[in-house]
1. Given 113, 153, which one is on the phi > 0 side of the Ramachandran plot and either within 18 Å of the chain's Cα centre (by Cα) or acidic (Asp, Glu) (or both)?
2. Please work out if residue 121 is open to solvent by less than 60 Å² (accessible area, probe 1.4 Å) and farther than 17 Å from residue 47 by Cα.
3. Give just the number: which of (1) in contact with a helix residue (DSSP H, G or I) (Cβ under 7 Å, 6 or more places away or on another chain); (2) farther than 17 Å from residue 59 by Cβ; (3) open to solvent by less than 60 Å² (accessible area, probe 1.4 Å) does residue 156 not satisfy?
4. For segment 73-86, how many residues are open to solvent by 50 Å² or more (accessible area, probe 1.4 Å) and within 23 Å of residue 29 (Cβ to Cβ)?
5. Name the one entry in 63, 53, 14, 98 that is out of contact with any Phe, Trp or Tyr (no Cβ under 6 Å at 6 or more places or on another chain), modelled with pLDDT under 95, open to solvent by less than 80 Å² (accessible area, probe 1.4 Å) and farther than 19 Å from residue 138 by Cβ.
6. What number of residues in segment 120-147 are more than 15 Å from the chain's Cα centre (by Cα), in a loop (DSSP other than H, G, I, E, B) and in contact (Cβ under 8 Å) with a residue 40 or more places away in the chain?
7. Of everything in segment 22-50, what is more than 18 Å from residue 94 (Cα to Cα), open to solvent by less than 20 Å² (accessible area, probe 1.4 Å) and of a type in the set (Val, Ile, Thr)? Give them in sequence order.
Amino acid sequence: MQLNKALVGTLLLTITTLLHSTVKADQVVISEIMYHPRGDQPEFVELTNITATPLDIVRWRFTDGVSFDFPEFDAGDPEASFLHAYQRLVIASVDPDTFREAYQLPASVRVLGPWEGQLSDNGERITLEDKNGVVVSQVRYRDRGRWNPGADGTGHSLSLRDPEAGADNWR
């Protein structure tokens with residue numbers, strides 16, 4: 001009986017070690033935040049899928065910072081329901097055409113919007129949840145301290161330096 005308990009303990013420890021060493025906590029990160037644009041430029045948040053796996057984004061939503069519900073599944077455009085491997089997606093304070101015109105972005109850049117509300121110029125928490133209410137990504141930004149002052153009304157955004165390095169890696 002002792003041998004079985006020891007074997008089970010060893011197996012559990014091995015499985016736990018493997019899971020912790022191979023599973024990434026973040027699959028989608030908030031990779032860029034334009035919270036205080038210059039002039040009349042629109043605000044935006046950019047998401048990046050940092051995995052090789054397409055992710056179903058149907059009914060995801062921003063719950064803190066601004067309010068935005070991702071679209072329902074559309075049988076006429078099923079690809080729109082996914083954030084593909086390593087793909088970036090912009091969620092804007094204005095409609096996609098207005099956003100593309102303001103930032104001179106080509107149609108190949110995927111943009112959703114508009115959202116409701118406005119990002120605080122002083123800083124706040126932005127939270128992205130999946131359709132089950134599980135937090136997918138979250139960041140609390142500020143306009144002072146370790147946060148780049150160049151993003152506070154000068155036309156620059158906060159950008160995640162390295163999505164693999166975690167949430168405390170902004171410039």
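The values are calculated or read from the model by the stated rules, or taken from the named source; none is laboratory data. The structure presented is a predicted model; accordingly, all values stated were derived computationally and were not measured. When we count neighbours, we look across all protein chains shown, and the Cβ atoms used for this are built from the backbone with ideal geometry, even at glycine. What goes into the accessible areas is simple: the full protein's heavy atoms, side chains included, and nothing from ligands, DNA or RNA. Shrake-Rupley method; radii C 1.70, N 1.55, O 1.52, S 1.80 Å.
1. Working: 153 fails: either within 18 Å of the chain's Cα centre (by Cα) or acidic (Asp, Glu) (or both).
Exactly one residue qualifies, and that residue is 113.
2. When the stated conditions are applied, residue 121 passes them.
3. Among (1) in contact with a helix residue (DSSP H, G or I) (Cβ under 7 Å, 6 or more places away or on another chain); (2) farther than 17 Å from residue 59 by Cβ; (3) open to solvent by less than 60 Å² (accessible area, probe 1.4 Å), the lone unmet condition for residue 156 is (3).
4. Count: 4.
5. None of the others qualify; the one that does is 14.
6. So the count comes out to 3.
7. Residues satisfying the conditions are 28, 29, 30, 48, 50.
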